[in-house]
Amino acid sequence: MGSTAKKGGFFLLLILTWYALAHSGWWPEYMLPAPEAVCRNLVNGIGSGRYLMAIAVSIRRILLGYLISLGVGIPLGMLTGRLKWLDETVGSLLLGFQALPSIAWLPLSLLWFGLSEKAILFVVIMGALLSITLATNSGVKNVPPLYIRAGKNLGAKGKTLFTQVILPAAFPSIVIGMKQGWSFAWRSLMAGELLFINLGLGHLLMIGRELNDMAQVIAVMFILIVIGLLFDRLLFSRLEAVVRRRWGFDQV
Amino acid sequence: MNGLQILKDTAVVDLEQNLRTKFLSIPENTRLKLEIKDVSKTFNTRDGRICALNRINLTIKEGEFTCVVGPSGCGKSTLLHLIAELEAPDKGEIILYSTEDEGRLVERLIVFQESALFPWLTVLENVAFGLRIKGMRYRERVERAMDYLHLVRLSKFAHCYIHELSGGMKQRVALARALAMNPEVLLMDEPFAALDIQTRENLSRELEEIWSKTGKTIIFVTHNVEEAVTLGDRVILFSGRPGTVQKEYRLNLSRPRQRENPLLKEMINLISNDFKRLDGASINEATG
């Protein structure tokens, strides 16, 4: 039996069990809605454009925050990785901040930016930026000295040495940081939207709770899973495949 | 014991003969390539200052295959790093007499013990790396890199990534990458130390062949006396901590070298004995 068939069978079984449990009458419907109710909700929500708008708002927020985090985090990681004095000062500060869950920035962010898009963007950035920076930093710092010696010996120096040897050598580590940064940003965004911001998928979850509409809650959770998987397949799996093919990590 | 004595004398006679023939031959062949004058190097470590090299004097002629043998930690690798200008000597100077050559992209190149190939590049891109850094055009550098991959018989693997190669193949790619830059001197830092005996012997035979084809000046560092005697025109014996030149042997043996040659075997014994005596002395010194 192929792995797709196994997977398909497993999920079919799961849905059937869910169906049976929902119709058994053990739990009231507002606690465990039936699969077809969730499906109906999903179709209606998407058909009316309500969910699509929430998806668009959330994706816009995360993309903006994530791109800013990449744009700042990768150069910052490179600088702290190469300059010792910067690593000892700024680097240690970042390391300390990483211990802080990014949603803990929310109160401060609200005071600084008010109830605005900026406030949630700040929380998303604080979620992604640190892991991207620190992964880039350790990637650059852990480049084997042998590669640097070989690069210098072959005539690379200064900027060329950096772009042609140090950066590509740090690439696997940067990919790990990018992936981790993405998932931190996604979590921070959901936490932020649940707590205060209108529009967005997190807000829909909250509305579902307030209206005791469990079908909506589960439908939105499905959307969140699909978005997460989609980004993983489209971006991170491909980057990881490049690393595996070149470095041969899957052979270890 | 007696036999060894006689062979020692033969070696001396060979040495004299060799010197004579060298002096009588065409001047180009005896042109000085590298002069190492009174070079010392000290490192600061956690355990204090360690003198890695103490007053090294060596001259190396063009096209010569010089092997440096010594116990580990005797500063042989440091010497190569100094020649390659990866580090600067504390005292003394290293003079390289360059010759004009349009294809020369770099003067001094090291082949490291672990190949130091870049995993993010294919075999071909690795060989072309230095050419690209020096601004050679795409077509030209691919052609040149392919030529050198042919030389080390790996052209079939041009588009593989490094992790797909065996240890011996990696070292051949590293050799091709170095030769493609057409350096004045090729420095080899125990390049075959991490390989099994069979691969090592094959590679050393190939290296001898490539050397006779290209006429490169090679300085080859190893702790394996047999390897040094099989490859070198000269063998220089180092002692450890601080590294100093202890003895020098000139090997006037026919090429390509035959491993079964009794004279070669005796030379290995002779140098090995000197090496062991030296190693023993340094151990005694350390414990006493």
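What distance in nm separates the simple spin-label points at A:L115 and A:K6, each placed 7 Å from Cα in the Cβ direction?
Taking the two extended label points, one gets 5.1 nm.
Filter the GluC sites (Glu not before Pro) in the stretch A:1-88 to those in DSSP coil with at most 10 other Cβ atoms within 10 Å of their Cβ, and list the result. Show your work: numbers first, answer last.
Details: sites: A:E29, A:E36, A:E88; in loops: A:E29.
Passing both the DSSP loop test and the Cβ count: no residue.
Viscosity 1.002 mPa s, temperature 20 °C: Stokes-Einstein D of the stretch B:120-180 from its Kirkwood Cα radius, in µm² per second?
Numbers: Rh = 11.1 Å.
Calculated translational D: 193 µm²/s.
For the charge dipole of the stretch B:120-180, defined by +1 on Lys and Arg C-beta atoms and -1 on Asp and Glu C-beta atoms about the Cα centroid, which residue among B:A145, B:C160, B:T122 has the Cα displaced farthest towards the positive pole?
Checked the options; the winner is B:A145.
Take the Cα gyration tensor of the protein assembly as shown, multiply each eigenvalue by 5, square-root it, and list the three semi-axes largest first, rounded to whole angstrom.
On the way: eigenvalues 866, 128, 91 Å².
Semi-axis lengths for the protein assembly as shown are 66, 25, 21 Å.
Quick query: amide H of B:I110 versus all other amide H atoms, modeled in the peptide plane; which residues come in under 5 Å with a sequence gap of 5 or more or a different chain?
B:L187
In a shell of Cβ-Cβ distance under 11 Å around B:V221, excluding B:V221 itself, what net charge do Lys and Arg (+1) and Asp and Glu (-1) give?
Numbers: positive: B:K76; negative: B:D189, B:E190, B:E227.
My count for the surroundings of B:V221 gives -2.
Scanning chain B for trypsin sites (Lys or Arg not before Pro) in DSSP loops with at most 11 other Cβ atoms within 10 Å, what's the longest stretch left with none?
B:138-288
Taking each residue of B:113-125 in turn, how many C-beta atoms of other protein chains fall within 10 Å of its C-beta, and what is the average? Intermediate results must be reported in sequence, preceding the final value.
Details: counts 1, 3, 2, 10, 3, 9, 10, 12, 3, 1, 0, 0, 0.
Taking all residues of B:113-125 together, the mean is 4.
Inside 10 Å of the C-beta atoms of A:142-149, what's the mean count of C-beta atoms belonging to other chains? Provide the component values of the computation, followed by the final result.
Numbers: counts 0, 0, 2, 1, 6, 5, 2, 7.
Across A:142-149, the average partner-chain Cβ count within 10 Å equals 3.
Could you sort the peptides B:223-233, A:55-65 by per-residue average Cβ neighbour count (10 Å cutoff), highest mean leading? Before the final figure, lay out the partial values.
Working: B:223-233: 22.9, A:55-65: 18.7.
The most tightly packed comes first, giving B:223-233, A:55-65.
Kyte-Doolittle mean at least 1.0 and Cα extent at least 15 Å along the axis: which DSSP H helices of chain B qualify?
Values: long enough: B:2-24 (33 Å, -0.09); B:123-133 (16 Å, 1.20); B:138-151 (20 Å, -1.02); B:167-180 (20 Å, 0.26); B:197-214 (25 Å, -1.18); B:262-287 (37 Å, -0.16).
Those that pass (Cα extent of 15 Å or more, hydropathy at least 1.0) are B:123-133.
Round to the nearest 0.05 the FRET efficiency obtained for A:L14 and A:Q98 when R0 = 30 Å and r is the Cβ-Cβ distance. Write out the running numbers ahead of the final one.
Numbers: r = 36 Å, r/R0 = 1.21.
Efficiency, rounded to the nearest 0.05: 0.25.
Beyond 27 Å between alpha-carbons counts as too far, so tell me which of B:K134/B:K213; A:K141/B:K156; B:K76/B:K265; B:K37/B:K247; B:K213/B:K247 fall in that bin.
Numbers: B:K134/B:K213 25 Å; A:K141/B:K156 35 Å; B:K76/B:K265 24 Å; B:K37/B:K247 17 Å; B:K213/B:K247 29 Å.
From the list (B:K134/B:K213; A:K141/B:K156; B:K76/B:K265; B:K37/B:K247; B:K213/B:K247), the Cα-Cα distance tops 27 Å for A:K141/B:K156; B:K213/B:K247.
Counting pairs of Cα atoms in chain B, how many percent are more than 23 Å apart? Display every interim value, and only then the final one.
Numbers: 23529 of 41328 pairs.
In whole percent, the share of Cα-Cα pairs in chain B beyond 23 Å is 57.
With the Cα gyration tensor of chain A giving a ≥ b ≥ c as the square roots of its eigenvalues, does the rule (a/c under 1.5 for rounded; else a/b larger than b/c for prolate; else oblate) give rounded, prolate or oblate? Working shown, then result.
Details: a/c = 3.09, a/b = 1.67, b/c = 1.85.
Taking the square roots of the gyration eigenvalues as a ≥ b ≥ c, chain A is oblate.
Among the helices of chain A (complete DSSP H runs), which have Cα atoms covering no less than 20 Å along the helix axis and a Kyte-Doolittle mean of at least -1.0? Don't skip to the end; give the middle numbers.
Values: long enough: A:3-23 (30 Å, 0.87); A:50-82 (48 Å, 1.16); A:117-141 (35 Å, 1.31); A:167-195 (41 Å, 0.72); A:214-231 (26 Å, 2.84).
Qualifying helices: A:3-23, A:50-82, A:117-141, A:167-195, A:214-231.
With a 10 Å radius around each residue's Cβ, average the other Cβ atoms per peptide and rank A:222-228, A:182-188, highest first. Present the calculation step by step, with values, prior to reporting the outcome.
On the way: A:222-228: 14.6, A:182-188: 21.4.
Ranked by mean Cβ neighbours within 10 Å, highest first: A:182-188, A:222-228.
Tell me, what is the FRET efficiency for A:L230 and B:E100 to the nearest 0.05, using R0 = 56 angstrom and their Cβ-Cβ distance as r?
Calculated transfer efficiency: 0.40.
Can you figure out the FRET efficiency of A:I68 with A:S48, using R₀ = 25 Å and their beta-carbon distance, to the nearest 0.05? Display every interim value, and only then the final one.
Working: r = 32 Å, r/R0 = 1.28.
In this case the efficiency is close to 0.20.
Taking only C-alpha pairs under 8 Å that are 6+ residues apart, what is the relative contact order of the stretch B:120-180 in percent? List each step's numbers first, then the result.
On the way: 65 pairs, mean separation 30.3, N = 61.
It rounds to 50 percent for the stretch B:120-180.
Rounded to the nearest 500, what is the protein assembly as shown's calculated 222 nm mean residue ellipticity when only DSSP H runs of at least 4 contribute -39500 (n - 2.57) each, over all residues? Can you show the working numbers first?
On the way: 20 runs with 309 residues, N = 540.
Theoretical 222 nm ellipticity from helices: -19000 deg cm²/dmol.
Just to be sure I understand: with springs between alpha-carbon atoms less than 10 Å apart, which residue in B:E125, B:E143, B:E35 has the highest mean-square fluctuation in the Gaussian network model of chain B?
Its mean-square fluctuation being the largest, the pick is B:E143.
Read-outs throughout are calculated quantities, based only on the coordinates presented, and are distinct from any laboratory measurement. Note that the coordinates shown come from a computational prediction; the quantities given were computed from them, not determined experimentally. Here Cβ is always computed from backbone atoms with ideal geometry, including for glycine, and neighbour counts include all displayed protein chains.
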